[in-house]
Amino acid sequence: MKNKQSLKLHQAQHQRQAFSPARGRFVETLTKSRQELNVQLRSLIAANPFLHTVSDEVLSIQPAAASDIREDLLLQLHTGSWPCRTEAAEYIIESLDDHGFFDPQLPAPGFSASQIDDALRVVQQFEPFGVGLRSSVEYLVRQLESRQEALALRILTEGAQELTAHQTAALCQKLKITEDQLTHQLKIIRSCQLYPCQLNPASESYIQADVLLELEDDEFRITSLTPQVVVDRPQGPLSPELKRYLNEAQLTLDLIDQRNLTLQLVFRCLVRYQQNHLMKGAPLAICRLKDIAEDTGLHISTVSRACAHKYFEYQGHIRPVSDLLCKSIHHVSYSEIELHLRTWIAAENSADPLDDDQLARRFASLGVPLSRRRIAAYRKRLNIPNSYQRRQISKTQFCSAKTFSRRSNKIEVKVEKTGKAP
């Protein structure tokens, strides 16, 4: 008999990621934390005329500053021939505040007013541009002057009172301009930087949450804390260069929206898995990257990037998003194993503490076969000493308590005999 073989087609689905430049930009945006995204947006807004933000935290982010700005200013001073007294210029450089501004009202012992003025004019010629000025307003004026924005300069200098009182109609009437012109000029002013530099950057940056988790009426509300950006769409035809800027601004907005949606999707799935842990303090449920990827339909690498270096705020505490992930050990979450270890060791007899073999037998009785070595590894990860060390600690505490009790008894006997406390 001949064996007959037939070819049959079977359909199989495989998820693959097709890499493209747009995909690369999204991966880069998703990987960034909130602080890193703020720094990137700060530089993009400064270079793109159509991209703006309504978030103060982005505007307050300064470009990365070198830690030796003062040394660089002193180098510029000593490598040139300047019409001022060198010591006076050195005094001004050392007296600059954290943003590079100088207060002329500061006392300058040993220097005359004319010497300080001459040295200040010299320092204001150094790089970075704007160093040595008095305030952010003066720095804004210098930027508008260098960009030849005459109308924006008039609004800033002549309409400061109306701007502070939000009297836009009075300001338009005062300067004889339309509201559209005022809106456009205000955008030009907002595109300027507030500080020329950052002389003393903070050595330790605080952690900012990417997601805010709130519990209201036994329901979780998830809010993305990514800074908001807007795109100004001009009317009329645009040059090819402006079209390129507009397309780049729109792409940036789309990438941030896609990042927010991805974070929302992944974090909502995490919260659904760990609802009991968040609401009742129960141990973490088994939740792996693979489980999140299957539930959300995302690739596992996308889920990993959405969880890495991200933080969420809940009930006044900021925690890493990765804390909500929990591996399984023989179909039991690591969080439950950790809880059992802490509970058993806390309730043990301090004179005869449980060793790793006894702990392993207890886990085996629960249907979780764990070796002694694995128990020791989990115990070390929880900073729990071994049974011998716990026994020695118990003896030391007992001896200390016994010694203290003897001393107390001696003091009481002495007080009874003499009637006076020692």
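The values are calculated or read from the model by the stated rules, or taken from the named source; none is laboratory data. On a predicted model such as this, the values are computed, not experimentally measured, just so you know. Here the Cβ positions follow ideal geometry from the backbone for every residue, glycine too, while neighbour counts run over all protein chains shown. Surface areas here come from the heavy atoms of the whole protein model, side chains and all, with no ligands, DNA or RNA. Shrake-Rupley method; radii C 1.70, N 1.55, O 1.52, S 1.80 Å.
In this structure, Ala150 does not qualify as of a type in the set (Gly, Ala, Ser) and closer than 30 Å to Val321 by Cβ.
The number of residues in region 383-406 that are at pLDDT 75 or above and open to solvent by less than 80 Å² (accessible area, probe 1.4 Å) comes to 7. Among the helices (runs of 4 or more DSSP H) confined to region 198-314, the ones with at least 1 residues that are under 29 Å from Arg42 (Cβ atoms) and open to solvent by less than 50 Å² (accessible area, probe 1.4 Å) are located at 240-273, 300-307.
So, in region 339-362, of the ones that are assigned to a helix (DSSP H, G or I) and in contact (Cβ under 8 Å) with a residue 40 or more places away in the chain, which residue ends up most open to solvent (accessible area, probe 1.4 Å)? The selected residue is Arg342. For Arg134, the stated conditions hold: it is among the basic types (Lys, Arg), within 25 Å of Cys197 (Cα to Cα), open to solvent by 30 Å² or more (accessible area, probe 1.4 Å) and not in a helix (DSSP H, G or I). When Arg319 is tested against the conditions (1) assigned to a helix (DSSP H, G or I); (2) open to solvent by 50 Å² or more (accessible area, probe 1.4 Å), the lone failure is (1).
Just one of the numbered conditions (1) more than 26 Å from Phe129 (Cβ to Cβ); (2) open to solvent by 50 Å² or more (accessible area, probe 1.4 Å); (3) within 32 Å of the chain's Cα centre (by Cα) is not true of Arg190: (1). Figure legend. Inter-residue proximity from region 227-250: first residues free of Cβ contacts under 8 Å to residues at least 12 places away in the same chain, second residues surrounded by 15 or more Cβ atoms within 10 Å (Cβ to Cβ) and charged (D, E, K, R), beta-carbon distance below 9 Å, spacing 6+ or different chains. No pairs are indicated.
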